[in-house]
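Read through the structure below, which is laid out as structure tokens, and then see the notes.
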Amino acid sequence: MPQPARRLEVFTESVIREMTRLANRHGSINLAQGFPDFDPPAELIDALATAIRGPHHQYAVTWGAPRFRQALARKQSKLTGLDIDPDRHLVVTCGSTEAMMVAMMTACDPGDKVIVFSPFYENYAADAILSGAIPVHITLHAPNFEFDRMELRQAFEQGAKAIVICNPSNPCGKVFTREELLYIAGLAEEFDAFVLMDEVYEHIVYAPHQHTYFATLPGMWERTLSCGSLSKTYSITGWRLGHVIAPENLISRARKVHDFLTVGAAAPLQEAAITALEFPDSYYADLQRDYDAKRDLFLGYMRQTGLPFTEPQGAYYTLLNISSLGFTTDTEAAAWMTETVGVTGVPGSSFYREPEHRFIRFHFAKKEDTLRAAGEKLVEGLRRGR
Ligand code: GLN
């Protein structure tokens, strides 16, 4: 028999998604894969019902339905102050999962090095390997998830073609300061590298932290591919709507990758999502207030477990330090939590390059009742221990 591609031997399927299957098998509360258990705004569901009855059943323009692109360009231009042209500066993708893959394949040739911070959202290493690029990991050091500037500089000196930054960051909750981003921008300029931004949590940032759009930093628009998504902002992870925003010379290439990967995102869903992109500013303030409350509620339970945990500055994850529980690996700990405590998280090792078994990642994009039920089980179960 022929041998299937060797590049597929070096990574596994997503552990995040595997944990969802495990939670479902055991009827455990799923705080593993980050998605809400509440509905998107009713207005958006109505817009979808209308769109489905309308004439949107064939392919949309491959790089995005014109009205959707116009609405998206308006929203992101207003937020960033950049003048984003819907015809020249963006590609609509099937979620930011595709957007990041498109960005990677637009920036990198096989053999190119790409810097990925560790811990990292597990897709990035797989994206690099699938596009033939070589991930070079730079550690974000717990508990504050800072990076060593000299180490990062050396990675650029050794010829990195691109750097991936998730900001606000999954899984560690870091919101990069403007000063940190300016340092990275300086390196990108000096060593002529691309910056691949994953900004899907742009609207979930806890005060006093503030999100800086990387493409708005001096000189950075030209070399940044900004990936975003509607999944988290509008609680529609199943709609699979994402985007890449970049200057025209990069978008014209990104379109080619996207065209041959997926042809396009679902036409009726793009049509419906225009409604979301036109929500007033108060929608985003309400979203933030909701996540402030979820974060406070869930972290309150984390505190009661008596174990150390990260306080996210943005996004909706916390890393619980389970080293005192005495498990050999975090995978073993996550299985025990699922089977015995009744709450499922993601073993932190799936976000790390280095052997790191101290953490379980939980997310709190859930209804208050779900968070209370999970929180009570965790407090009880972790205090009791094995
Ligand atoms: N971003 C979410 C997480 O980290 C969901 C990932 C996914 O399954 N696409 O859990």
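Side notes on the structure shown:
- Reducing the stretch 29-94 and the stretch 353-368 to their Cα centroids gives an inter-centroid distance of 28 Å.
- Local electrostatic count, Val341, Cβ distance below 11 Å [Lys/Arg +1, Asp/Glu -1]: +1
- Note on the stretch 259-378: Rg/Rh from Cα positions, Kirkwood definition for Rh, rounded to two decimals, is 1.09.
- Spatially proximal lysines relative to Lys174 (Cα-Cα < 22 Å; intrachain offsets below 8 disregarded): Lys232, Lys294, Lys366
- Shown here is the pair-distance distribution of the stretch 125-182: with all Cα-Cα distances grouped in 10 Å bins from zero up to the longest one, the shares run 19, 51, 29, 1 percent.
- With only the Cα atoms considered, the stretch 64-219 has a convex hull volume of 115 Å³ per residue.
- Spin-label pair Lys367/Glu311, simplified geometry with 7 Å Cα→Cβ offset, distance in nm: 3.0
- Distribution of pairwise C-alpha distances over the stretch 1-119, 10 Å bins, in %: 9, 22, 31, 28, 9, 1
- At least 30 Å along the helix axis (C-alpha) and Kyte average at least 0.5, DSSP helices within the chain: none
- For GluC sites (Glu not before Pro), the sites in the stretch 1-72 that DSSP calls loop and that have at most 13 other Cβ atoms within 10 Å are Glu13.
- Kirkwood hydrodynamic radius (C-alpha pairs) into Stokes-Einstein, the stretch 199-269, 10 °C and 1.306 mPa s, D in µm²/s: 114
- Largest to smallest principal axis extent of the C-alpha atoms in the stretch 180-228, angstrom: 33, 20, 12
- Value of [θ]222 nm, deg cm²/dmol, for the chain, DSSP H segments ≥ 4, -39500 (n - 2.57) each, nearest 500: -13000 deg cm²/dmol
- Altogether, the Stokes-Einstein calculation at 37 °C and 0.692 mPa s, with the Kirkwood radius of the chain over Cα pairs as Rh, returns a diffusion coefficient of 153 µm²/s.
- In the full protein context, the chain carries 43 Å² of accessible surface per residue, based on a 1.4 Å probe and ignoring ligands, DNA and RNA.
- Over the chain, relative contact order from alpha-carbon pairs under 8 Å, at least 6 apart, %: 24
- Square roots of 5 times each gyration tensor eigenvalue, C-alpha, the stretch 156-307, largest first, Å: 28, 24, 14
The values are calculated or read from the model by the stated rules, or taken from the named source; none is laboratory data. Model, not experiment: these values are computed from the prediction. So basically every Cβ, Gly included, is an ideal-geometry build from the backbone, and we count neighbours across all protein chains shown. What goes into the accessible areas is simple: the full protein's heavy atoms, side chains included, and nothing from ligands, DNA or RNA. Shrake-Rupley method; radii C 1.70, N 1.55, O 1.52, S 1.80 Å.
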